[in-house]
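Data first, discussion second: the structure below is written as structure tokens.
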Amino acid sequence: MQRERRRDPYPWTWEIPVAVALATLFVIVIGIQLGRSVANLLAGAGWTWPDANAGAFPSPIGTAFWTSLPGALGGHADAGLPTPTPDGLAGRGLVWVSLAMTEVALLTATIWVGVWAYQRWGPGRMRGMATAAEAEKILGVTRLRKVAGIVRPDLYGKHAAATAAPVQRTAGDLTEQTGPQLGHGLSPWLLNGRRTKEER
């Protein structure tokens with residue numbers, strides 16, 4: 001049944017690839033500024049970020065965030081930073097190494113999240129399957145303990161003898177066992193006058 005569901009996926013439209021491309025581009029842009037900030041932090045200049053109040057349109061990101069991208073890619077650790085810039089900024093080599101490592105880490109994390117989301121919500125997802133939390137809620141230990149009185153009323157029910165000691169029997173003890181017994185044939189009360197093999 002699952003194969004049929006996989007063969008009839010939801011058709012791809014232009015919105016999904018455009019959203020993926022925009023999200024990837026934004027991660028790359030964030031990685032440039034983040035890599036430059038990490039390089040300055042490693043060089044001992046502290047955490048640096050482009051000036052949010054610079055430009056005509058102040059915002060949490062700021063105009064300097066976008067205008068300083070070419071400078072940060074060129075290895076300039078002071079591009080777009082608020083003045084006065086801190087002392088001991090990173091050199092070009094450290095900026096480029098930090099940019100490369102940051103971009104690789106962010107793109108790896110983005111690809112992993114994308115694959116996980118595609119498997120979880122994409123057209124090839126397993127449909128009709130319970131999540132781990134839902135399975136635990138219905139079939140887990142918590143549920144079994146909750147309904148223990150229904151499943152095993154002799155042990156956990158309201159009228160279970162909590163103080164009664166278990167019956168101890170020795171091998172071959174047939175007391176208090178009425179009716180046919182396993183390995184002993186039918187009891188005399190079922191077949192009166194039944195003779196053993198030796199008596200025949």
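Some points to look at:
- Each peptide in 35-45, 68-78, 82-92, 149-159 was scored by the mean count of other Cβ atoms within 10 Å over its residues; highest first, the order is 35-45, 68-78, 82-92, 149-159.
- A simple rule links phi to the HN-Hα coupling: the Karplus curve 6.51 cos²θ - 1.76 cosθ + 1.60 with θ = phi - 60°, which for segment 118-126 gives 5, 5, 7, 10, x, x, x, 5, 6 Hz, with x for Gly and Pro.
- For segment 28-97, the fraction of 1.4 Å probe accessible surface lying on carbon and sulfur atoms is 68 percent.
- Whether segment 35-111 is rounded, prolate or oblate, judged on the alpha carbon gyration tensor where a/c under 1.5 counts as rounded: oblate
- Pairwise FRET efficiency - Ile28 versus Glu134, Cβ, R0 = 35 Å, nearest 0.05: 0.40
The values are calculated or read from the model by the stated rules, or taken from the named source; none is laboratory data. The model shown is predicted, which means the values in this text are computed figures rather than measured ones. Heads up, the Cβs are rebuilt from the backbone with ideal geometry, glycines too, and the neighbour counts pull from every protein chain shown. In case anyone asks, the SASA skips ligands and DNA or RNA and just uses the protein heavy atoms, side chains included. Shrake-Rupley method; radii C 1.70, N 1.55, O 1.52, S 1.80 Å.
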